[in-house]
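Some notes on the structure that comes next.
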Amino acid sequence: MNKTIRRASVFALLLVLALLVRATWVQFYDGQALADDTQNRRNVIETYSQPLGNIVVAGESITGSARTSGGSDLKYKRAYTNGKLYAAVTGYASQSYAPTQLEGIYQDLLNGTDSKLKTVMDTVTGERAAPGNVITTIDPAVQKAAYNALGNKKGAAVAIDPKTGKILAVVSTPSYDPSSLTDANSGGTAWKQLNADSDKPLTNRALRQPLPPGSTFKLVVAAAALEDGLYANVDARTDSPNPYTLPGSTTPLRNESASAPCENASIRTALRYSCNNVFGKMAVDLGQDKVRAMAEKFGFNDDKLDIPVRAYASVYPSDMDKAQTGLSGIGQFDVTATPLQMAMVSAAIANGGKLVSPHMVSQITDSGGDVLKNYDDEAESKEIVSSSTAEQLQSAMETVVKEGTGTNALIDGVTVGGKTGTAQHGENNSKTPYAWFTSYGKSDSTGKEVAVAVLVEQSDAARSEVSGNGLAAPVAKAMMEAALKN
């Protein structure tokens, strides 16, 4: 073979090898990328070629699948039972939009593509497995109580079992019907309307809208003071002039009631009357680092809080001057919290100082009901404050409800501890304040417990009537009654 033919043969061989490499690349890499592309309609057709698995509350499915009509190539669409009631839990699964909340977290389980669902035969045949189900921790009675009590108010509520960490209710109002987004034909109109709504019904206010917690944050400051030894107990006299002038400024930190006995008040009295001067001064005396450390033990500044839906971080800020630290002590300045976070604060106090990791999914199962993962068994407990500090705070919170600013949460036969909050909103408090209430209830007869937090962002009440006790405490009461019924 002469040199020219040999070179041509080698070149031809290299071309063949290049084609083989390219074909292999396209088939196994680009092909998989195309298969995984969210714009690939074949994926949507496959997803909705059979009914999806379900999200379950108290043994009943709150989701389903309905046959489509009109000759669509998508055989099924998602359906919801009491969609508005459970929207903050389920989110939506849509033929047109990416799924959210539990629908998004467990998308593969619910459509049958999760590898945990595959049998040996499924692996051999390449067939999609029968879809699995998501078993939630939600208590329908508590969920309904929160939703009905919030009514037409803009707000949110969360309930947690302090002993187990199970989330019993997650409500955000105004809500929306996820069924309006499931159909590829009509979903576009509903999507535009929901996104144009100034009340933002698609926002999960319970988990994903941190706002100033106001005086409910005083529980965190009190916990820091007791743990640090700044004050021996909740009945010790504090060093708290009234009014208290914020350091480095001429701004006095006044109280809502000028006649309240807030000068040098004990923690119990200061929580009972919600004395700003006491907790502003207390935060300055402790220093921002100690307050932040306690806040972070409760869960603030955690940007990886999954329940399993990722909750937005509640924030205790850094790099404050002393005046700003004083304002942070009353839940203002740049302090923000979600209702989930404030429910966690009350849950830890109610549970003797220990916080059990909150979760709203109990189990995931295959189509036959066999458990694939049990989240109840994986719930972890960590000590936030000592049992002694927890008992002190419980006693003070119970005084708030019996004799202080939280009397609207009183329940016969239930020991209730709580804290109100009215957080300033807008420059110079120019907008309607936020009304907060966080509490726990313990049944005197059964020993059952629940911790709740309620935020009323906006209501029809006159500005002068906006308070945690007036707007948020009745919602919390309804939730606790539902959770603790025999």
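Listing for the model above:
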quantity	calculated
Where a residue in region 390-416 is free of Cβ contacts under 8 Å to residues at least 24 places away in the same chain and its partner, wherever it lies, is basic (Lys, Arg) and surrounded by 16 or more Cβ atoms within 10 Å (Cβ to Cβ), with Cβ under 7 Å and at least six apart	none
Top-ranked residue of region 381-406 - restricted to ones that are under 23 Å from the mean Cα position of the chain (by Cα) and not aliphatic (A, V, I, L, M), ranked as surrounded by the fewest Cβ atoms within 10 Å (Cβ to Cβ)	LYS382
Lone qualifier among ALA79, ALA87, ALA130, ALA141 - being among the hydrophobic types (A, V, I, L, M, F, W, C) and surrounded by 22 or more Cβ atoms within 10 Å (Cβ to Cβ)	ALA87
Filtered residue count, region 130-145, keeping only those that are part of a strand (DSSP E or B) and either in contact with a Gly (Cβ under 8 Å, 6 or more places away or on another chain) or among the acidic types (Asp, Glu) (or both)	2
Residue in region 303-316 that is under 16 Å from ALA222 (Cα atoms) and crowded, with 21+ Cβ neighbours inside 10 Å present	yes
Any hit, region 185-196, residues being of a type in the set (Val, Ile, Thr) and either modelled with pLDDT under 95 or in contact with a Cys (Cβ under 6 Å, 6 or more places away or on another chain) (or both)	yes
Residue check, ALA87 assigned to a helix (DSSP H, G or I), touching a residue at least 24 places away in the same chain (Cβ under 8 Å), small (Gly, Ala, Ser) and closer than 25 Å to THR189 by Cα	yes
Residue among THR189, THR216 that is open to solvent by less than 10 Å² (accessible area, probe 1.4 Å) and in a helix (DSSP H, G or I)	THR216
Residue count, region 234-254 (criterion: open to solvent by less than 30 Å² (accessible area, probe 1.4 Å) and more than 14 Å from ALA222 (Cα to Cα))	3
Residue tally, condition open to solvent by 10 Å² or more (accessible area, probe 1.4 Å) and in a helix (DSSP H, G or I), over region 265-293	14
Residue list for region 196-211, filter: out of contact with any helix residue (DSSP H, G or I) (no Cβ under 9 Å at 6 or more places or on another chain) and hydrophobic (A, V, I, L, M, F, W, C)	ALA196
Hits in region 272-323 - residues which are among the aliphatic types (A, V, I, L, M) and within 25 Å of THR238 (Cα to Cα)	VAL278, MET282, ALA283, VAL284, LEU286, VAL291, ALA293, MET294, ALA295, MET320, ALA323
Region 221-233, residues that are open to solvent by 50 Å² or more (accessible area, probe 1.4 Å) and part of a helix (DSSP H, G or I)	GLU227, ASP228
Pair list, Cβ < 6 Å and 6+ apart or interchain, from region 344-370 residues that are within 15 Å of GLY418 (Cα to Cα) to residues that are at pLDDT 95 or above and β-branched (Val, Ile, Thr)	SER346/THR438; ALA347/ILE160; ALA348/ILE384
Failed condition for GLU296, given (1) under 19 Å from the mean Cα position of the chain (by Cα); (2) within 14 Å of LEU219 (Cα to Cα); (3) open to solvent by less than 20 Å² (accessible area, probe 1.4 Å)	(3)
Any pair with Cβ under 6 angstrom, 6 or more apart, that starts in region 145-167 at a residue that is more than 16 Å from LEU340 (Cα to Cα) and ends at one that is among the small types (Gly, Ala, Ser)	ALA145/ALA478; ALA145/ALA482; ALA149/ALA478; LYS153/SER459
Residue in region 41-59 that is within 21 Å of THR173 (Cα to Cα), surrounded by fewer than 19 Cβ atoms within 10 Å (Cβ to Cβ) and modelled with pLDDT of 90 or more present	no
All positions within region 146-186 that are assigned to a strand (DSSP E or B) and open to solvent by 30 Å² or more (accessible area, probe 1.4 Å)	LYS154, LYS166
Check on THR432, at pLDDT below 95, surrounded by fewer than 19 Cβ atoms within 10 Å (Cβ to Cβ) and β-branched (Val, Ile, Thr)	yes
Selected residue [in contact (Cβ under 8 Å) with a residue 40 or more places away in the chain, in contact with a strand residue (DSSP E or B) (Cβ under 9 Å, 6 or more places away or on another chain) and of a type in the set (D, E, K, R)] from LYS290, LYS281	LYS281
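The values are calculated or read from the model by the stated rules, or taken from the named source; none is laboratory data. Treat the numbers as computed from the prediction; the structure is a model and nothing was measured. In this analysis, Cβ positions are derived from the backbone assuming ideal geometry, glycine residues included, and neighbour counts consider all displayed protein chains. Surface areas here come from the heavy atoms of the whole protein model, side chains and all, with no ligands, DNA or RNA. Shrake-Rupley method; radii C 1.70, N 1.55, O 1.52, S 1.80 Å.
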